[in-house]
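Structure first, then comments.
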Amino acid sequence: MRNKIILLFLIFRFSLGFAQTLRPFKEEFRFAEHLINQKLYSEGIYFLDMLRSSNDYNSGKIDTINYLLGKIYYNQQMLDTSSNYFYQVSTSNIKYWQESSFFSAFNQAFLGNYAEASEKLNYRYFKDKMMVQLKNFQLTGYSLLNRNYQVFDSLSSQFKGLYFQFAKQEGQLMEYFQDIKSNKRKSGFLAAMLSAVIPGSGKIYAGKTGQGLSNLFKSLILGGLVYESYNQAGTDNARFILFSSAFSLFYVANIWGSALTVKVKRNEYRDAVDRQILFDLHIPLRTIFH
Amino acid sequence: MQSTDKFYLICIFLCAPFFTKAQLQLADSLFQAGDMYGAKLEYERVIFQNIDSEITNQAILKKSFCYKKLEKYEKSLQNLQRANLFSNNDSLNFAIRREIALSAYLAGEFETAGNQITQINFYVEDTTFKASLKYLEILTLNQMLKWDEAKILVVNYNKKYKLDLNINALYGTKYPKVRSGNKFEYLAAIYPGFVQAREGSLFDGIISSGLRGGALAWGIHQVLNDFIFSGIITGGGLYYVFYTGAVHYALELTNENNQRRIKKYNDFINIKILNAEINRKKY
């Protein structure tokens, strides 16, 4: 009887330890999703890395792990790492593979790597018609971000507006394209010349009215100081030399600044349009996959 | 083997995976072994299974111990806020409330710690438990600059446990001066150099006053010599720049000194209170 009790106890302890290693993958997956939903990202990464390194899983399960890691890094805005994990997901699970393909590419686009984003998506071949159209839409967006108008023209001609999930965004892309084309390129040289004639006018021409008026006001103040010095004491005194030097320095800096402002304004416009394009590329991914 | 023996063995084998308490024990053993990351994960697994609210609460409490070991007090506090504080196990609820107050204090969230202690005083009837948190209540009130209330508690605490604390030596005859409010801002706006000097930067105060005085004198001198436009623009402009810089510096200096004074005062009292509490628990 005593031996039986000891045996029972040993088997119980053994089975407990054995059971810990035999948790079904479905349960592990649900637990990983729980960690993501609770925003316990560091624990999620620790857990999934542990599962990956256990080598007990087939490729389908490894895909799920990579997919979840991609999601965790995406939620933490670590887009490069997220993109790499998403890209490793294979076709063993079609649903994850589709989502991973698009997010892998989109993450690269968000980081400014438009060519890489196009490459990641270009060699993914989808059977589902909506996925094919979505791929076309995303690639069109990346070509517009890259300002590759030839590719944009050829891809956008395949827009059909069939799917409500991104029909509106297809129209938006065409509008952004028109907007970019019609945006007149301003001349830095002309801005500099205008500022040479009337200080601050070059900045107003470049689109920075407030800065232009401020520079004009400061120039008038400095000019007034130079005039008063000249009027009261002539040119041969320290006051005149000091104020006229300050005025000259400011005048030259204003001309140079006006030329640079054209470039700054151009970059601001480009960034604003790119942000809008990325926003519109992201909407259908969220709608379809979340 | 008889068939009854086989039956019992199979039952044990099949039941083992479903024992959540066993899961908790695994987490406990990882905690004892110092593997905080592994322990946190296993406690979270128990929380995820959520089979019994008492076991879930236990797991939440123990997970917060892991966070505390890793000195992640904000995370400990966030974790504890998931607990159900109105479950049937009173002693567990109290332990969780105590940990919330302690984690909030360690995370620097003194208002949260104070609120939790107020709730404990309201909801918990066990006077022994409430008494065990007196030291934390005193420390929290000190950090919230409520020294009058803290002093009353220290008197009672000292009397109850015969701790031999000298209240007058601890709190002194005057509390540290905390300079703030409208009156002080007007003073800084009128004469920032004076405020800087008063806050211990005499040299800075003199220099600041000198610079502003110099700018004003320059402006007046220029105007008197018929350089009216120069006088107003350069003198007035310089004066304005030095003035706003001085006011900003005076306010920064005062805030820094306030913090320094409060910290020095509180640190002295808090160390004495903590030592008294440690000795009390020892004996």
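Assorted remarks:
- P(r) of the protein assembly as shown over all Cα-Cα pairs, binned every 20 Å from zero, in whole percent: 14, 26, 32, 23, 4, 1, 0
- GluC sites (Glu not before Pro) within region A:95-167: DSSP coil, no more than 10 neighbouring Cβ in 10 Å: none
- Across every direction, the projection of the convex hull enclosing the Cα atoms of region B:31-120 has a mean area of 5.4 nm².
- Over region B:15-148, relative contact order from alpha-carbon pairs under 8 Å, at least 6 apart, %: 15
- Rounded if a/c under 1.5, otherwise prolate or oblate - chain A, Cα gyration tensor axes: oblate
- Chain A, relative contact order [Cα under 8 Å, separation at least 6], %: 13
- Computed over chain B: relative contact order in percent, which uses C-alpha pairs under 8 Å that are six or more apart: 10
- Relative intensity, log₁₀ I(q)/I(0), of region B:181-283 from a Debye sum that treats every alpha carbon as a point, q = 0.12 Å⁻¹: -0.55
- Between residue A:193 and residue A:233, the simple spin-label model (points 7 angstrom out along Cα→Cβ) gives 3.9 nm.
- q = 0.19 Å⁻¹: log10 I(q)/I(0) that the Debye formula gives for region A:169-235, counting C-alpha atoms only: -0.80
- Note on region A:37-77 and region A:150-206: Cα centroid distance 41 Å, given to the nearest whole angstrom.
- Value of [θ]222 nm, deg cm²/dmol, for chain B, DSSP H segments ≥ 4, -39500 (n - 2.57) each, nearest 500: -25000 deg cm²/dmol
- Range of Cα positions in region A:113-256 per principal axis (Å), largest first: 86, 25, 22
- Size of region B:231-283 as Cα extents on the principal axes (Å, biggest first): 77, 9, 6
- Helix content alone sets the calculated 222 nm mean residue ellipticity of chain A: runs of n ≥ 4 DSSP H residues at -39500 (n - 2.57) each, divided across all residues, give -27000 deg cm²/dmol.
- Taking the three principal axes of the alpha carbon atoms in chain B, the coordinate ranges are 121, 47, 31 Å, sorted in descending order.
Values in this text are rule-based calculations from the coordinates and carry no lab data. None of these values were measured; they are calculated from a predicted model. A quick note on method: Cβ atoms are made from the backbone with ideal geometry, for glycine too, and the neighbour counts reach across all protein chains shown.
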